[in-house]
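Written below as structure tokens is the structure these notes are about.
Since every read-out is calculated from the coordinates, none of them should be taken as a lab result. From a predicted model like this one, the values you see are computed outputs, not experimental measurements. Glycine gets a Cβ as well: all are built from the backbone with ideal geometry, and neighbour counts include every protein chain shown.
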Amino acid sequence: MPVEEALERLLALADAAPITATEKVALAAAEGRVLACDLVAGLDLPPWPNSAMDGYALRLADWQGEPLAVSQRIFAGHAPQPLQSGTCARIFTGAPLPEGADCVEMQENAQVMDDGRVHFLEPLALGQNVRPKGQETRVGELVIGAGTRLGPIQLGLAATLGFAELEVVRRPRVAVLSTGDELVEPGLPLGPGQIYNSNRRLLVSWLQRLGCEVVDAGILPDDLARTRQCLGGLGDVDLILSTGGVSVGEADYLGLALREAGELALWKLAIKPGKPLTFGHYQGVPVIGLPGNPASTLVTFGLLTRPYLLRRQGVAKVEPLRFSVPAGFDWPKAGTRREYLRARIEDGQVHIYKNQSSGVLRSAAWADGVVEVLEGTTPQQGDVVTFIPFSELLG
Ligand code: AMP
Ligand code: MG
């Protein structure tokens, strides 16, 4: 199954199972969440015309070449008096323009005479250095649409409009389980044939960044009874996310248990790393089974599961930005699967890590992102390739 088709199917499944519950949260707690209702401006921004400079506000028609007396001083945060005709006002950045003024000259172009009057050294223009009322937003305008993920910029914008709380989509609850007799948690001694569980940490912190509530289901041994028992005890979750144990190998207990109490499809994805991916339902709860090799887990979570989880929360644009970058490597052998090479940008070219094995997570720690090599292509040094930075995937 081509990557696009897998993504299309997953997004259709997500559209069919949206998380509809919403909650009100303080701005401080809204980072990474998805806005549930359109945010409409209740204010004009700025609410009144104000000065973009420290300088002098005047009515252009009052300037005939004769110095003007200063009739008031206006600081940011204070209300001005209407401008006395034939005078100017000392004004500071962000202070409201007095009624009657229509331009501001910056102090660097103004000369204060011995008698305190001000002479303007340069030609003046109507509206110069004035930020007009409503230049950013007008009352009633849609400022942030429902389905937008809230990051620092959206939160800053909501704050400029005076919102203290936002209506957001409930956090998805995701159960994370690792499978395999070989897995041991860091901190414990390794027995013969055992390795440390890396996927659990990778996925739990990634899911937390994505605004999910994680139900950590720990490690499942390769044992059917224990697998059944664990699945039965997961409780109320929106997604069961597992790694390993769902290939067609002999230790496919997760697959067996899922088939007993639901349905399961094994997708042979045309993706490298990460060929086997399963999607199914266990007692009505969607299940995504990622491949166990850490670099495969990374790629299939980032390119398929992350978009799925965002779409469950109503996010429309779920795909990462892709950039065209010249290759700093030769890729000699055309593949039958789409390949995601862990890569780093240096001197305007993208370079790949020397070992692209799916078991090597260090390749990703070295990299800034992945190069997408299309099926059947052999990009050479200097050819333009597609690069997806991790910064697009990890948040
Ligand atoms: P599996 O799909 O269970 O056959 O796993 C494929 C490979 O990924 C095997 O080498 C596993 O040891 C490895 N693997 C599976 N799960 C994890 C995990 N949570 N952390 C690190 N490696 C894993
Ligand atoms: Mg296994």
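Name every residue in segment 362-389 that is under 23 Å from Arg209 (Cβ atoms) and surrounded by fewer than 17 Cβ atoms within 10 Å (Cβ to Cβ), in order of residue number.
Arg362, Ala365, Trp366 - these are the residues of segment 362-389 that are under 23 Å from Arg209 (Cβ atoms) and surrounded by fewer than 17 Cβ atoms within 10 Å (Cβ to Cβ).
May I ask you to list the residues in segment 146-182 that are away from ligand 2 (no atom under 16 Å from the Cβ), surrounded by 21 or more Cβ atoms within 10 Å (Cβ to Cβ) and under 21 Å from Ile288 (Cα atoms)?
Result: Arg171, Pro172, Val174, Ala175.
Quick one: Leu290 ticks every box in (1) surrounded by fewer than 20 Cβ atoms within 10 Å (Cβ to Cβ); (2) within 30 Å of Cys230 (Cβ to Cβ); (3) of a type outside the set (D, E, K, R) bar one, so which box is it?
(1)
Name the strands (runs of 3 or more DSSP E) wholly inside segment 240-356 in which the number of residues that are away from ligand 2 (no atom under 16 Å from the Cβ) and closer than 25 Å to Ile19 by Cβ is 1 or more.
Result: 262-268, 276-282, 285-290.
Against the conditions (1) among the basic types (Lys, Arg); (2) buried (at least 16 other Cβ atoms within 10 Å of the Cβ); (3) within 19 Å of the chain's Cα centre (by Cα), where does Arg228 fall short? Just the number, please.
Single failed check for Arg228: (3).
Please go through (1) within 14 Å of ligand 1 (Cβ to nearest atom); (2) closer than 21 Å to Arg9 by Cα; (3) surrounded by 21 or more Cβ atoms within 10 Å (Cβ to Cβ); (4) among the hydrophobic types (A, V, I, L, M, F, W, C) for Leu254 and return the number of the only condition it doesn't satisfy.
Going through the list (1) within 14 Å of ligand 1 (Cβ to nearest atom); (2) closer than 21 Å to Arg9 by Cα; (3) surrounded by 21 or more Cβ atoms within 10 Å (Cβ to Cβ); (4) among the hydrophobic types (A, V, I, L, M, F, W, C), Leu254 breaks only (2).
Let me spell it out: the conditions are (1) among the charged types (D, E, K, R); (2) within 30 Å of Ala30 (Cα to Cα); (3) within 12 Å of ligand 1 (Cβ to nearest atom), and Lys275 meets all of them except one. Which number is the exception?
Among (1) among the charged types (D, E, K, R); (2) within 30 Å of Ala30 (Cα to Cα); (3) within 12 Å of ligand 1 (Cβ to nearest atom), the lone unmet condition for Lys275 is (2).
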